[in-house]
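Since the structure comes first, as structure tokens, the remarks are kept for the end.
The values are calculated or read from the model by the stated rules, or taken from the named source; none is laboratory data. Predicted, not measured: the structure shown is a model, and the values here were computed from it. FYI the Cβ positions are ideal-geometry reconstructions off the backbone, even for glycines, and counts take in every protein chain you see.
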Amino acid sequence: MKEQLQKDFDNTIKNLTLSQRDIEIKKFYLDNFINKGFPNRKEEDWKFSDLNQIIKKNIGELSFYSDYTSTNKVDTSAFVDGLEHNKIVFINGRIEKIEFDYEKKDQIEIIDQSETINKFNNNSSLSDLNSAFTNKSFKIVVKKGYQLIKPLIIYHTTNSKIWSKNINLRLNFELYENSSLRLIDLFRDTSEKNFLNIFYNFDLKENSILKNYKVDKFENKNIKYSFNNIEQDKNSISETFILSSGSNFCKNEINCNLNGEYSSAFVNGVFSINNNKHHEIRTIINHLTENTKSYQLIKSVLEDSSRAVYQGKIFVNSQAQKTDGYQLSKAILLNKDSEFNAKPELEIYADDVKCSHGSASGSLNEDSIFYLMSRGLNYQQSRELLINGFLLDVVEKITDPEVKNLIKNMIGIKE
Amino acid sequence: MDNRQKEIDNLKDYKYGFTTDIENTKAPRGLNKDVIKFISNIKKEPQWMLDFRLKAYDRFKQLKEPDWQKPKYPKIDFQDLYYYSAPKSMKDKPKNLDDLDPKLLETYKKLGIPLQEQKRLNGIAVDAVFDSVSVATTFREELTKQGIIFCPISEAIQNHPELVKKYLGSVIPLTDHFFATLNSAVFTDGSFAYIPEGVRCPMELSTYFRINASNTGQFERTLIVADKGSYVSYLEGCTAPMRDENQLHAANVELVALDDAEIKYSTVQNWYPGDKDGKGGIYNFVTKRGLCKGKNSKISWTQVETGSAITWKYPSCILKGDNSVGEFYSIAITNNHQKADTGTKMIHLGKNTKSKIISKGISAGHSDMTYRGLVDISPKAANSNNYTQCDSLLMGNKCGAHTVPYIKNKNSESNIAHEATTSKISEEQLHYCQQRGLSAEEAVGLIVNGFCKEVLQQLPMEFAVEAQKLVGISLEGSVG
């Protein structure tokens, strides 16, 4: 893999206009990645999902070079109907469109950051890989007091032009005081066997609100890793919703630092997977100061021989008195071959806190099915009704009504 | 009130911190094949036992000391330890208690463990282990009548080799982790109990461990086999003198329960925890594992952990037989600079297996406490159930309480439920108690006892009283 990486790296660099210093930095990250390689199960964070093996088994040889010189045609039929929105379109890893038609132009700033690589607050090998190979990274700044009128949808599209490729994406967001942003990540893949490596960084200033909805719904054979780093100042709120369903393998990581008083973080997730898919959500909520709050709810429905993993950690340092942390994960295993693994973790150094977690996994409740069937539903209907209700609970947590309806329609959950 | 204060003052210090001045026979310092041969030789062991040890030692040399645990400790120099230490007077085994060195008798009397049978009111058979040897086992005759074998393991190796051969290492194999393998190579003594088919053991069996000599590691091995349809309740207590340096305690405990058998294993662990500044104390790195081999068998662990500088252990149950049951009840209390990383593993292999975990952690002072547990339901363990509850109480903002459960469900017909909470004693509760005339300290004691009650109830009577007191003492001075 080493020669391949080196070769692809040289090719990538050739097509970019970079300063000598930036090349040096990229080289540094490349060497880091070559040293560490893809994470494997020997690392605690990857204990339940051995990425190295998964890539080997599903993709085989990866190519890290992508030709970004030619543009891709933007397929407008793929856009979401019935909801006016701003767009960012990635096709095969290339940014094709950034469009904020509904917003005041002077309130949003888009900074092309391809020249200065900002260091990520993460020293995993995947962040090294990302830093070495991202061709362009943008920073999107929402100015003081501005609240976006329409949500922003980021379309992550890949098509059959690429296979066995590694695609690296990176975006930075900065939300100034009293601003707010609704962001939907929509994955639409018609490609197969690629490895997507996505890093987002959010900087939330005082009183700002971020709502991020990640929807991976459409069936595809890709392997995805997505990392969100969220820094929160005083009074800020972040809400993350993850629908983890379509890809062959998908791992979502949320790292949230509650740096300012009265800041709060909400993470809600749904696994709805079948076949032999393997999905994971890993969250780390760091309560670093007084009076912060976090709430996490993860529900899974597992069919066939699918596997879901939830690793959630609440960290409370010794200054973070009056922390309120809550975490709940529930799973329904529908098939004898399905598997659910959880590691809900609490690490607490302050005494005046209220932290709890719960985790439950098991089969559908036979009594409930019996109840419904005795009222005239057949087995299949009863089952669907119960699963619907089980998942609806999480979707109902979405605070934005427009987006909630959109997601409900998308996954076909009925009320 | 004066009397009560005096009593508290008396209890405040670690009262088992004395040393017995007694002549010792020691193995040469360090760890090598010769030392292992020395131990085996002094115990007059048969060749197969020596082979067992040497095989473990070969394996041990290939292993690396694990370092994933939460409490870090300075590297142990395994060549700087004595692996065998015994009171000189024990060289030729005394025939009965009257021949026992009076100093030893005195020691156990001071510890509150009278070895003279006639003095005992409560029917508990005790095996007393002093450093590397078992010094006395009481009530033997009465047990023999029922066919129960209860003796030091070194004696069992001589007298019941067929049983020892069959079960030793069957739950904790030679190839297990670092400390367990070290134990297999150098274990010195411990207790062996065999309960024959259909016998309900008429009294509690008990081992009392005492580390006395300095620079010694205590490596004892306990093996309990409950044959079909039998029942036994086993108690374990431990203390050590106060010393400035840290001492290693790496025991292996193996339990085997055959069809319909039940083993109840209770521990009150009160090793020397080190002084207020975290100097000295015992490193308690123990491997405890029970195998529910037969169907309908049951193993239940109850532990009260108050001592040790560092506790690092996970009493586990392997639920292999169909319908078998595993239970784990634990109270762990850390104060001053103590550290604990403890919990359990429940490995469900058989059908209809059930397990229950109740863990209560209390940390105060500068201490750090981690619950780390595994619940693993394998694809074949249909219709299995687990319930886990771990609660932590924090006192003060210098201490830490952590929960790290690993939950693996590979069977769709099985259910796992896990709950954990972390909080402090609520002001309202304290206020309520104080309003009714209790001092702050008494109020905390009362609330903590209530917090622990679920676990304390599981202990046999005599132990429960002692444990309740221990809970109070361990938290002394942590309020306010």
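What to note about this one:
- Among the conditions (1) out of contact with any Phe, Trp or Tyr (no Cβ under 8 Å at 6 or more places or on another chain); (2) modelled with pLDDT under 80; (3) loosely packed, with under 15 Cβ neighbours inside 10 Å, the only one that B:Gly17 does not satisfy is (1).
- Residue match in segment B:237-248 (condition: part of a loop (DSSP other than H, G, I, E, B) and polar (S, T, N, Q)): no
- Pick from segment A:354-374, criterion modelled with pLDDT of 90 or more and in contact with a helix residue (DSSP H, G or I) (Cβ under 9 Å, 6 or more places away or on another chain), ranking: surrounded by the fewest Cβ atoms within 10 Å (Cβ to Cβ): A:Phe370
- Any hit, segment B:309-330, residues being more than 10 Å from chain A (Cβ to nearest Cβ) and more than 25 Å from B:Tyr265 (Cβ to Cβ): no
- Here the condition is being in contact with a Pro (Cβ under 8 Å, 6 or more places away or on another chain) and surrounded by 11 or more Cβ atoms within 10 Å (Cβ to Cβ); of A:Asn86, A:Asn72, it holds for A:Asn86 alone.
- Cross-chain or 6+ apart pairs with Cβ under 7 Å, segment B:374-392 first and farther than 16 Å from B:Ser324 by Cβ, then among the basic types (Lys, Arg) and surrounded by fewer than 18 Cβ atoms within 10 Å (Cβ to Cβ): B:Pro379/A:Lys336
- Pairing residues of segment A:67-95 that are in contact (Cβ under 8 Å) with a residue 24 or more places away in the chain with residues that are of a type in the set (A, V, I, L, M, F, W, C) and outside any strand (DSSP E or B), at Cβ distances under 6 Å and at least 6 apart in sequence or on separate chains, gives A:Leu83/A:Leu406; A:Asn86/A:Phe100; A:Val89/A:Val74; A:Asn92/A:Ile162.
- Where strands (runs of 3 or more DSSP E) sit wholly within segment B:368-480, those with at least 2 residues that are within 10 Å of another protein chain (Cβ to nearest Cβ) and polar (S, T, N, Q) occupy B:385-395, B:400-409, B:415-423.
Residue by residue, here is whether (1) at pLDDT 85 or above; (2) under 28 Å from A:Gly325 (Cβ atoms) holds:
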| position | (1), (2) |
| --- | --- |
| B:Gly400 | yes, yes |
| B:Asn409 | yes, yes |
| B:His418 | yes, yes |
| B:Gln434 | yes, no |
| B:Leu459 | no, no |
| B:Ala467 | no, no |
| B:Val471 | no, yes |
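- Residue match in segment A:353-362 (condition: more than 27 Å from B:Lys408 (Cα to Cα) and within 11 Å of another protein chain (Cβ to nearest Cβ)): yes
- Matching residues, segment A:320-345, being among the polar types (S, T, N, Q), buried (at least 17 other Cβ atoms within 10 Å of the Cβ) and within 18 Å of A:Ser272 (Cβ to Cβ): A:Ser329, A:Ser338, A:Asn341
- If you go through segment A:321-335 and keep only what is more than 9 Å from every other protein chain (Cβ to nearest Cβ) and touching a Leu at 6+ places or on another chain (Cβ under 6 Å), you end up with just A:Leu328.
- Residue count for segment B:328-342, restricted to those that are closer than 19 Å to B:Ala420 by Cα and in contact (Cβ under 8 Å) with a residue 60 or more places away in the chain: 7.
- Any chance B:Ile358 is surrounded by 22 or more Cβ atoms within 10 Å (Cβ to Cβ), β-branched (Val, Ile, Thr) and either within 18 Å of the chain's Cα centre (by Cα) or not in a loop (DSSP other than H, G, I, E, B) (or both): no
- Residue within segment B:285-302 that is over 20 Å from B:Asp376 (Cβ atoms), of a type in the set (Phe, Trp, Tyr) and touching a residue at least 40 places away in the same chain (Cβ under 8 Å) present: yes
- Just so you know, in segment A:37-96 the residues that are small (Gly, Ala, Ser) and in a helix (DSSP H, G or I) include one that is farthest from A:Tyr225 (Cα to Cα), and it is A:Ser77.
- Residue within segment A:247-260 that is over 29 Å from A:Thr190 (Cβ atoms) and crowded, with 24+ Cβ neighbours inside 10 Å present: yes
Here is a yes/no grid of residues against (1) crowded, with 24+ Cβ neighbours inside 10 Å; (2) among the small types (Gly, Ala, Ser):
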| residue | (1), (2) |
| --- | --- |
| B:Ile299 | yes, no |
| B:Thr302 | yes, no |
| B:Ser324 | yes, yes |
| B:Lys351 | no, no |
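- Taken as a whole, the condition of being closer than 16 Å to B:Tyr167 by Cα and not hydroxyl-bearing (Ser, Thr, Tyr) applies to B:Leu291.
- Comparison of A:Ala308, A:Ala342, A:Ala350 shows that the only residue that is within 26 Å of B:Lys351 (Cα to Cα) and either aromatic (Phe, Trp, Tyr) or at the interface with chain B (Cβ under 9 Å from one of its Cβ atoms) (or both) is A:Ala342.
- Counted residues, segment A:90-111 - those being surrounded by fewer than 17 Cβ atoms within 10 Å (Cβ to Cβ) and more than 21 Å from A:Asp189 (Cβ to Cβ): 9
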